[in-house]
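A.B. asks: Structure below; questions to follow.
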Amino acid sequence: MINQDEQSEERAIMLIVHGGYARSLALQAIEAAKEGKYTVAAQLQMEATEELNKANRFQKEVINDNLVAREEGRSVSLMDIHAQDHYMNALTIIDLADNFIELFKMKRGG
């Protein structure tokens, strides 16, 4: 049976995994749009958003873990901070990818 600290670490790792994958998909979407492959870019952005939604579930759990830790007098783990950074980076890259895709479409007249 895994203890609370191991569960918390596992949630942070899953946040990193899904956030990182979402970021990667969004970057691939930018590359596809750069090549004029807008349908592929849209599909990749949709997949990135799905991954971000998965990450969001873990983010809520990580935040809750940290609230409990603070109530118990424990400090926030560096892993949790790192995981949150991955999530926020994914959010930013997905938003930027949407804008880049639109710019590429405008530039090419598509």
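A.B. asks: Could you please give the count of residues in region 25-39 that are closer than 9 Å to ILE93 by Cβ and among the small types (Gly, Ala, Ser)?
C.D. replies: Looking only at that region, the number is 1.
A.B. asks: Which one of these does LYS105 not meet: (1) surrounded by fewer than 17 Cβ atoms within 10 Å (Cβ to Cβ); (2) free of Cβ contacts under 8 Å to residues at least 24 places away in the same chain; (3) within 18 Å of ALA29 (Cβ to Cβ)?
C.D. replies: Among (1) surrounded by fewer than 17 Cβ atoms within 10 Å (Cβ to Cβ); (2) free of Cβ contacts under 8 Å to residues at least 24 places away in the same chain; (3) within 18 Å of ALA29 (Cβ to Cβ), LYS105 violates only (2).
Quick grid of which residues meet (1) among the hydroxyl-bearing types (Ser, Thr, Tyr); (2) outside any helix (DSSP H, G or I); (3) at pLDDT 95 or above; (4) touching an Asp or Glu at 6+ places or on another chain (Cβ under 9 Å):
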| residue | (1), (2), (3), (4) |
| --- | --- |
| GLU10 | no, no, no, no |
| ALA26 | no, no, yes, yes |
| ALA42 | no, no, yes, no |
| ASN64 | no, no, no, no |
| TYR87 | yes, no, yes, no |
| ALA97 | no, no, yes, no |
| GLU102 | no, no, yes, no |
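A.B. asks: Quick check on ARG70: is it over 20 Å from LEU25 (Cα atoms) and either outside any helix (DSSP H, G or I) or at pLDDT 95 or above (or both)?
C.D. replies: no
A.B. asks: Just checking, which of VAL62, VAL40 is free of Cβ contacts under 8 Å to residues at least 12 places away in the same chain, in contact with a helix residue (DSSP H, G or I) (Cβ under 8 Å, 6 or more places away or on another chain) and aliphatic (A, V, I, L, M)?
C.D. replies: VAL40
A.B. asks: Going through LEU96, LEU44 one at a time, which residue ends up being surrounded by 15 or more Cβ atoms within 10 Å (Cβ to Cβ) and within 15 Å of the chain's Cα centre (by Cα)?
C.D. replies: Selected residue: LEU44, the only one of LEU96, LEU44 that is surrounded by 15 or more Cβ atoms within 10 Å (Cβ to Cβ) and within 15 Å of the chain's Cα centre (by Cα).
The values are calculated or read from the model by the stated rules, or taken from the named source; none is laboratory data. Computed from a prediction, not measured in an experiment: that's the story for all the values here. Here the Cβ is made from the backbone with ideal geometry for all residues, glycine too, and neighbour counts use every protein chain on show.
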